[in-house]
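S.K.: Quick one: this structure, given as structure tokens, is what I'll be asking you about.
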Amino acid sequence: ADRRKDEFLATLAHELRNPLAPISNAIQLLRRAGGPHATDRLFGIVERQVRQIVKLVDDLMEIARISRGKIELARCPLPLADVVRDAVDASRPQFERAGHRLDVALPDEPLVVHGDAVRLTQVLTNLLNNAAKYTDAGGRIELAAQRCGTTVALTVADNGRGIPAAQLPRVFDMFAQPHLDNKGDGDGLGIGLAIVRKLVEMHEGTVEAHSAGPGQGSEFIVRLPLLPETAPDACADTPCGTLAGHRILVVDDNADAADTLALLLESHGARARAVYGGPAALASLPRFAPDVVLLDLGMPDMDGFDVARAMRTAGGTRVRIVALTGWGQQADRARTRAAGFDHHLTKPVDLQALAAWLSGA
């Protein structure tokens, strides 16, 4: 256990350094970029690498929540074709970058499961991304669905790196990276397949892995129970929100973080102002009259909890105060809720989630 902990920490450090290097290089190049096309390309590099860092952190938090049973599924009758379509769309950029061919085969009959659309799409996206990741450029991946009595079998097969026989029994274990065969050239923390298994089991399903060995490709099969043949009711769409018309005060002792978030909010239609500490936030309350405050928790002198209490005492009962923090565990959310915060967002802020919440979603 101690050895696996050390291996995991080494892998985590490696995976975090990977995206940080191109971000650092891009920032230096931006200072001397020769034209708008070069600048656009560098912005794209930074955006992709930041997404990778966010995904690593999200995966760590996700597996912790799932392992402790801290997530709930929003299940409804769900056409499997919708899940396949959304997963393929999410994975398409990775397939296009690698020049892979993806063949999708679905039966003509409608296959309906009782599932959470987001989580089942996550399952299939993880499997497709793994197939793309561990298949050499120009490879072939197949995605197929087939009715098997009262269940459906979803198969993702590739002609890629394959899995050694000795690694197959632990392919879904936490932090396992069976495709690597000790080469150390992987991408990720070995969490994705563990998340897949947990989510499939939460849907009363099973998942299995097959491979003839190194260089022989891999096959993953997810089996899910089907609903009786009834017309599925469409799952309710998440209401869309907008930031237009909102006055948002951003409070963060990290001036760069506060300024960039305020600019981003304004680019989405909000009127935003950034301040860099508790006293400045309290002084801005009557002058700026925000209806929303995005409040960093970890500030010196007055932390976010002190500022929130002072705002409520000063008559800010109508303003909605949102905790803005890097801490996203269930206990952290419970603490901010008990302290009177209206909402809890982890950094970097998902503006769509904020807009949906403000619209009452």
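The values are calculated or read from the model by the stated rules, or taken from the named source; none is laboratory data. Since the model is a prediction, treat every value here as computed from it, not as a measurement. Glycine gets a Cβ as well: all are built from the backbone with ideal geometry, and neighbour counts include every protein chain shown. Note: areas computed on protein heavy atoms with side chains; ligands, DNA, RNA excluded. Shrake-Rupley method; radii C 1.70, N 1.55, O 1.52, S 1.80 Å.
S.K.: With the checklist (1) of a type in the set (Val, Ile, Thr); (2) out of contact with any His (no Cβ under 8 Å at 6 or more places or on another chain); (3) crowded, with 16+ Cβ neighbours inside 10 Å in hand, flag the one item Thr313 doesn't pass.
M.R.: Condition (3) is where Thr313 drops out.
S.K.: To continue, here is another question. Which ones in the range 147-162 are hydrophobic (A, V, I, L, M, F, W, C) and either under 26 Å from the mean Cα position of the chain (by Cα) or modelled with pLDDT under 90 (or both)?
M.R.: Hits for the range 147-162 are Ala153, Leu154, Val156, Ala157.
S.K.: List pairs: first in the range 285-303 and free of Cβ contacts under 8 Å to residues at least 40 places away in the same chain and crowded, with 20+ Cβ neighbours inside 10 Å, second not in a loop (DSSP other than H, G, I, E, B) and not aliphatic (A, V, I, L, M), Cβ under 7 Å, 6+ apart or cross-chain?
M.R.: If the second residue must be not in a loop (DSSP other than H, G, I, E, B) and not aliphatic (A, V, I, L, M), the pairs left are Leu297/Gly304; Leu297/Phe305; Leu297/Thr325.
S.K.: Any residue at all in the range 339-361 that is among the β-branched types (Val, Ile, Thr), open to solvent by less than 70 Å² (accessible area, probe 1.4 Å) and modelled with pLDDT of 90 or more?
M.R.: no
S.K.: Looking at the range 93-121, which of its residues are in a loop (DSSP other than H, G, I, E, B) and either buried (at least 19 other Cβ atoms within 10 Å of the Cβ) or out of contact with any helix residue (DSSP H, G or I) (no Cβ under 9 Å at 6 or more places or on another chain) (or both)?
M.R.: Selection gives Gly99, His100, Pro107, Asp108, Glu109, Leu111, Asp116.
S.K.: Report whether or not Ile141 is without any contact (Cβ under 8 Å) to a residue 60 or more places away in the chain and touching a Leu at 6+ places or on another chain (Cβ under 9 Å).
M.R.: Answer is yes for this residue.
S.K.: Still on this structure: So which residues in the range 263-280 are free of Cβ contacts under 8 Å to residues at least 12 places away in the same chain and open to solvent by less than 90 Å² (accessible area, probe 1.4 Å)?
M.R.: So the first thing to find is which residues in the range 263-280 are free of Cβ contacts under 8 Å to residues at least 12 places away in the same chain, and the list is 263, 266-267.
Passing the criteria: Glu266, Ser267.
S.K.: Answer yes if at least one residue in the range 136-146 is in a loop (DSSP other than H, G, I, E, B), modelled with pLDDT of 70 or more and within 22 Å of the chain's Cα centre (by Cα), and no otherwise.
M.R.: No, every residue in the range 136-146 fails to be in a loop (DSSP other than H, G, I, E, B), modelled with pLDDT of 70 or more and within 22 Å of the chain's Cα centre (by Cα).
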